[in-house]
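The structure appears right after this line, and notes come after that.
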Amino acid sequence: MTSTLSATDFLTVGGRSFTSRLIVGTGKYPDNETMVRAHAASGAEVVTVAVRRVDLDRKNRAGILYHIDPERYFMLANTAGCYTAEDAVRYARLAREAGFNEFIKLEVIGDEETLFPDVAGLLAATKTLVAEGFQVMAYTNEDLITALRLEDAGAAAVMPLASPIGSGLGLLNPYAIRTIKRRLSVPVIVDAGVGTASDACVTMEQGVDGILMNTAIATADRPVEMAHAMQLAVEAGRRAYLAGRMPRREIAVPSSPTQGMLD
Amino acid sequence: MTGEAISVIVNGEPRKLPPDVSLLELLRHLELDPRVVVVELNREIVRRPALEGTTVRDGDRVELVHFVGGG
């Protein structure tokens with residue numbers, strides 16, 4: 001990078017600061033080697049992981065820690081797949097016991113088709129986990145009131161979706177995301193739905209603090225190239241937001257002088 | 001003379017184990033690294049330092065989890 005923006009423009013969540021505003025997942029890659037190279041190409045410092053039973057048949061070494069260096073990446077465990085607050089709290093406790101940090105990307109899913117959050121369960125689990133000392137990063141929908149309640153409950157970050165998990169539909173409701181960002185004090189990190197670089201750029205242009213994505217990179221034809229594209233898009237969107245865009249107009253305004261035209 | 005084998009559920013599957021097996025011995029038997037596996041015994045987490053001193057009993061439910069790829 002030719003400018004020093006990233007040296008001063010940190011993403012700070014729960015007392016931790018990161019220079020990259022892009023958080024990437026570790027699921028659905030064609031193979032682990034591609035994942036490792038994609039992570040490097042993304043510039044991300046935070047990667048998400050899930051908690052699951054060990055495969056006791058151990059046909060492969062499925063544990064992600066055989067492939068990701070916890071010295072290099074901040075491990076953000078999630079509670080993906082949990083449909084009740086109780087399950088999410090259970091998974092969060094197991095994740096913390098795995099020993100890296102007290103951060104949890106809290107998901108309490110309410111519907112199998114959309115994977116939309118169960119906001120009542122999400123709020124309940126947030127309260128429980130905050131009381132237990134967790135830094136809760138709460139995956140939620142684009143509802144402002146829920147976001148405000150999560151902040152009140154002590155969430156370290158609120159993570160509204162751009163569109164459904166794994167859908168690649170991009171940012172469906174920029175107004176709602178912008179409003180959440182404007183009204184909350186804690187970081188707003190858009191989680192889920194980004195499909196390609198332009199989606200990431202537009203999302204960052206809303207002023208949010210970061211983006212978490214997995215499928216858009218992992219299932220691209222060339223994940224490593226897409227990871228780098230996402231890094232550039234997140235950076236571009238962030239810089240454009242900080243630069244302040246021109247106002248929208250319904251009519252044209254000439255860019256060249258209207259004076260000095262020939263007769 | 002060893003006692004009779006006990007029946008436990010490990011990750012949802014029934015297993016027969018010798019009596020007086022500790023959780024640490026169970027992990028070793030399954031060739032699992034206790035540094036990357038978290039153990040839940042009857043829905044209570046057993047922290048790593050306690051694995052050696054915790055004995056598995058007949059009817060126990062053991063969950064062994066770790067981190068996998070996810071978003």
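The values are calculated or read from the model by the stated rules, or taken from the named source; none is laboratory data. Because the structure is a prediction, the values reported are computed rather than measured. Cβ sites come from the backbone with ideal geometry, for glycine too, and all protein chains shown count toward neighbours.
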Checked against (1) without any contact (Cβ under 8 Å) to a residue 12 or more places away in the chain; (2) part of a loop (DSSP other than H, G, I, E, B); (3) crowded, with 17+ Cβ neighbours inside 10 Å, A:GLU142 satisfies every condition except (1)
Within the range B:5-16, residues being aliphatic (A, V, I, L, M) and within 13 Å of chain A (Cβ to nearest Cβ) number 3
Per the filter on the range B:18-43, residues of a type in the set (D, E, K, R) and closer than 22 Å to A:ARG96 by Cα are B:ASP33, B:ARG35, B:GLU40, B:ARG43
Of (1) touching a Gly at 6+ places or on another chain (Cβ under 8 Å); (2) surrounded by fewer than 22 Cβ atoms within 10 Å (Cβ to Cβ); (3) more than 11 Å from chain B (Cβ to nearest Cβ), A:ARG53 satisfies every one except (3)
Given the criteria of a type in the set (Asp, Glu), without any contact (Cβ under 8 Å) to a residue 12 or more places away in the chain, assigned to a loop (DSSP other than H, G, I, E, B) and under 26 Å from A:TYR175 (Cβ atoms), does A:GLU113 qualify?
yes
Counting only residues that are assigned to a loop (DSSP other than H, G, I, E, B) and either more than 12 Å from chain B (Cβ to nearest Cβ) or aliphatic (A, V, I, L, M) (or both), the range A:56-81 contains a total of 8
B:GLY71: passes all of (1) assigned to a loop (DSSP other than H, G, I, E, B); (2) at pLDDT 95 or above; (3) over 11 Å from the mean Cα position of the chain (by Cα) but (2)
Expected single match for more than 8 Å from chain B (Cβ to nearest Cβ) and either under 28 Å from A:ILE109 (Cα atoms) or at pLDDT below 95 (or both) among A:VAL36, A:VAL47 is A:VAL47
